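**Q** Quick one: the structure is below, questions incoming.
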Amino acid sequence: MTYRVPVRDAGLIAAVRAVVQRRYRDVHAVRNLTFQIAPGQVVGFLGRNGAGKTTTMKILAGILHPTSGRVRVLGQIPWRRQNQYLREIALIRGSQPIGDAPELTVLDSFRYQQVLYDIAEPHFKRNLAELSALLDLDRVLQRQVRALSLGERMRAGLALALVYRPKILFLDEPTIGLDVSAAKTVRTFIGEYAAQTGATVLLTSHSMTDVESLCPRLILVDDGAIAFDGRRNELSSAFAPTKLVRVSVTDDNPDLTPYGDVLRRDENHWLLRVDRDAVPEATSRILSRFAVADLSVEEPSLEDVIDQAYHRLRQVKDAG
């Protein structure tokens, strides 16, 4: 998918000219990107900076109009921005937690949302009460938005976007900048909201904790195209053909180097990276040849798997 952006030259004369005669350039941010998401799925949409994640989110939300490609969300074309479509979706960006009117109280912001989306009073009160309880907002409803902490602004922004009960959530870095406690609250809420309402969620995040907590399915994009689409465990099998073996032994001067790549050694505690197919034989030989106090086999972290995935993708590009 391609979209157009205005060309802005420097200088006053160029600025005046741009008002009279706008010029545009095409941005090829997303190429050959094809995927479907079923109702109720929670999907992680991952990629490096510049991979096309936020661009895709904006296209799906109807903010950007691609010059090519076909997009349907709930059977509708997003960039037509029909009222019925806008009532069914929410785009929540962690970098813009809540509202454009910081002088309003949080409750006034909700009231504005009620008018904007024509929410009947009984539904509004019920939804606000549920969201306030889940996100601990009761004590901030009468405060001005400008007086909220970042965590409070993020929680209030989430509730504000969901008070009209959208069917689809586009979440762009929802926990960015939050402390550990606030981020956990937001993650828990997103999971509970999706489970209770059956909402479809498309999440971008550089926080692997967000992704591991919420997303059974992952879509990995690279240079505007899909590099992987499947379950988390399938990503490990596709791009990380190794496991981690932690071993503690009581032998003097043990040598475990023949059994895998040594990632770390602290006296008699070893961390080895071993090919998946070789793990049974390697662990069996270690157990038979050393006085093993402890041994465990672990999957690599999601962060490591994704790092290995991009390393392999770069190798393929360089070779091609």
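**Q** Being closer than 11 Å to Val292 by Cβ, touching a strand residue (DSSP E or B) at 6+ places or on another chain (Cβ under 7 Å) and crowded, with 17+ Cβ neighbours inside 10 Å is the filter here; which residues of segment 249-274 pass it?
**A** Val249, Leu256, Asn268, Trp270
**Q** Counting only residues that are under 22 Å from Gly151 (Cβ atoms) and in contact with a helix residue (DSSP H, G or I) (Cβ under 6 Å, 6 or more places away or on another chain), how many does segment 211-237 have?
**A** Looking only at that region, the number is 3.
**Q** Also, I was wondering about something else. What residue, among those in segment 106-127 that are part of a helix (DSSP H, G or I) and hydroxyl-bearing (Ser, Thr, Tyr), is farthest from Asn83 (Cα to Cα)?
**A** Here the residue is Ser109.
**Q** For the structure I just gave you, tell me whether Val279 is part of a helix (DSSP H, G or I), surrounded by 14 or more Cβ atoms within 10 Å (Cβ to Cβ) and without any contact (Cβ under 8 Å) to a residue 60 or more places away in the chain.
**A** Spelling it out, Val279 is indeed part of a helix (DSSP H, G or I), surrounded by 14 or more Cβ atoms within 10 Å (Cβ to Cβ) and without any contact (Cβ under 8 Å) to a residue 60 or more places away in the chain.
**Q** Out of Asp251, Asp255, Asp179, Asp222, report the one residue that is closer than 25 Å to Gly62 by Cα and either modelled with pLDDT of 90 or more or not aromatic (Phe, Trp, Tyr) (or both).
**A** Asp222
**Q** So, one more: Out of all the residues in segment 113-134, which are surrounded by 11 or more Cβ atoms within 10 Å (Cβ to Cβ) and small (Gly, Ala, Ser)?
**A** Once the filter is applied, which keeps residues that are surrounded by 11 or more Cβ atoms within 10 Å (Cβ to Cβ) and small (Gly, Ala, Ser), segment 113-134 yields Ala129, Ser132.
**Q** Okay, moving on. Checking Asp251 against (1) outside any loop (DSSP other than H, G, I, E, B); (2) touching a residue at least 40 places away in the same chain (Cβ under 8 Å): exactly one of these is not met. Which one?
**A** Only one criterion in (1) outside any loop (DSSP other than H, G, I, E, B); (2) touching a residue at least 40 places away in the same chain (Cβ under 8 Å) is unmet by Asp251, namely (1).
**Q** If you don't mind, another one. Looking for something within 23 Å of Ala159 (Cβ to Cβ), assigned to a helix (DSSP H, G or I), modelled with pLDDT under 90 and not small (Gly, Ala, Ser) - is there at least one such residue anywhere in segment 66-83?
**A** There is at least one residue in segment 66-83 that is within 23 Å of Ala159 (Cβ to Cβ), assigned to a helix (DSSP H, G or I), modelled with pLDDT under 90 and not small (Gly, Ala, Ser).
The values are calculated or read from the model by the stated rules, or taken from the named source; none is laboratory data. Predicted, not measured: the structure shown is a model, and the values here were computed from it. Neighbour counts run over all protein chains shown; Cβ positions are idealised from the backbone, glycine included.
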